[in-house]
Each structure stands twice: as C-alpha cells, then as structure tokens.
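To start, the structure under review is shown below, and the notes come after it.
The values are calculated or read from the model by the stated rules, or taken from the named source; none is laboratory data. These numbers were taken from a predicted model, which means no experiment stands behind them. Cβ placement follows ideal geometry from the backbone for every residue including glycine, while neighbour counts extend to all protein chains displayed.
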Amino acid sequence: MVQLNINGRTQQVDVEPDTPLLWVIREQVGLTGTKYGCGVAQCGACSVHINGEVQRSCSIPVSAVKPGDRIVTIEGLSRDSSHPVQKAWAALDVPQCGYCQSGQIMAAVALLRKNPKPTDVDIDEAMTNICRCGTYQRVRAAVHMAAGTGKGGGSIIHMGDTAKMGGSVAPADSKAKSGPEEVH
Ligand code: FES
Ligand code: FES
C-alpha cells in the first residue's frame, strides 16, 4: 500500500512499487487529465507538479514519491478552469486535438512560478513538451498573455493563485479544428 497526496487529498493505493506514477494517477485515482504519450519522459503529456516542480510522471516509480510530497495534476489547478494560465489558454484557443495540452499547461504554470516574465527563449528552453498538432506559437502567446507580456500588456494572472486544491475540472478543452496553425 502506498500513500500519496494528490491535489490536497490523501490517497491510499495498492500497487507494485515500480508502477509509474502516471498509471496510479490515471488508473487507481481516476484523474485522467494527465495523459500518456511516449512513456519515456520525452513528450511531456504526463506532466504533473511534485512539490511545485514539473515532473514527467510516466517515468517516476510510485515508490519514489514520499507520502508528504505534494502532487498536483491538471485537475488540481482550479475547480472551474479559472486558473490564470487556463484562462489564457482558453482566450487564445490554444488546443487543437488537446492531447498534449494538460502537460503544456502544467509546464507553463511551473515556468511562470519561477520566471514571471519569460522571454520567448525562456519559454522554448523551459517548455520541451511535444505537440504533434504544432500549437507551439499559441502556447508561447498564451504564456505571454498569462505573464502580461503579450500584445496589449496587462496581465490576467495572479500567480499567487496557483495551487487551489480539490475539485475536478476538465483540462483545457479539446476541440477539433481544421486549418493551419494561426500565429498571433
Ligand atoms: S508520457 Fe511521459 S513524457 Fe511522454
Ligand atoms: S498534440 Fe498538442 S494539441 Fe494536439
């Protein structure tokens, strides 16, 4: 039996110690906003926060997580998709298929905690998440919007408001779209 703290709730799970954290989050706990992509720490679809740091949960055995470690998934960012980064994602219609987007958002939140005004280079270096739909330009624009460094200035973000716990919310909406990626 393993004890985990996920989105502010204590969870007891009966799994083998080498089970990847991703599978515990999805299969045992039922939080499916965190996605499986590559399984080898390359794509970032499985990104969660552990003690405020973005981590790729597909490659972390559950035995490596301590009971006191704070795991936050996309469902733990806000109760109603109201986290400022989620708002920026919605405002700029970032997702295409949506599959990578919860991982992108988790990476963006972690970046903005450390660097509230990132440059394009900072964003590209920090956010190595892969998007097969090629939403990179929109991701970058949304990070700038959340930081208040996008076109039009003013921030919609209050970065102290990054760790509301509880409740389940959908990750950034998955919308089927066609046509080329727009660049804003
Ligand atoms: S599924 Fe974990 S990095 Fe790709
Ligand atoms: S893989 Fe990123 S939106 Fe489709």
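No other residue among C38, C43 is in contact (Cβ under 8 Å) with a residue 12 or more places away in the chain, crowded, with 22+ Cβ neighbours inside 10 Å and closer than 20 Å to R132 by Cβ apart from C43. With the requirement that a residue be crowded, with 16+ Cβ neighbours inside 10 Å and either in contact with a Cys (Cβ under 7 Å, 6 or more places away or on another chain) or in a loop (DSSP other than H, G, I, E, B) (or both), what does the range 105-129 give you? Answer for the range 105-129, where residues must be crowded, with 16+ Cβ neighbours inside 10 Å and either in contact with a Cys (Cβ under 7 Å, 6 or more places away or on another chain) or in a loop (DSSP other than H, G, I, E, B) (or both): P118, M127, N129. Candidates in the range 80-104 are the residues that are assigned to a loop (DSSP other than H, G, I, E, B) and within 16 Å of ligand 1 (Cβ to nearest atom); of these, the one that is surrounded by the fewest Cβ atoms within 10 Å (Cβ to Cβ) is C97.
Taking (1) buried (at least 19 other Cβ atoms within 10 Å of the Cβ); (2) out of contact with any strand residue (DSSP E or B) (no Cβ under 9 Å at 6 or more places or on another chain); (3) not aromatic (F, W, Y) in turn, V62 satisfies each apart from (2). Checked against the criterion of being in a helix (DSSP H, G or I), modelled with pLDDT of 95 or more and out of contact with any helix residue (DSSP H, G or I) (no Cβ under 7 Å at 6 or more places or on another chain), the candidates E16, E75 yield just one match: E75. Of the residues that make up the range 26-34, is at least one within 16 Å of ligand 1 (Cβ to nearest atom) and of a type in the set (G, A, S)? Yes: the range 26-34 contains one or more residues that are within 16 Å of ligand 1 (Cβ to nearest atom) and of a type in the set (G, A, S). For the range 116-126, indicate whether the set of residues that are of a type in the set (A, V, I, L, M, F, W, C) and under 10 Å from the mean Cα position of the chain (by Cα) is non-empty. No, that holds for no residue. Taking first residues from the range 123-141 that are at positive phi and partners that are among the basic types (K, R) and surrounded by fewer than 22 Cβ atoms within 10 Å (Cβ to Cβ), no Cβ contact under 8 Å between residues at least 6 apart in sequence or on separate chains turns up.
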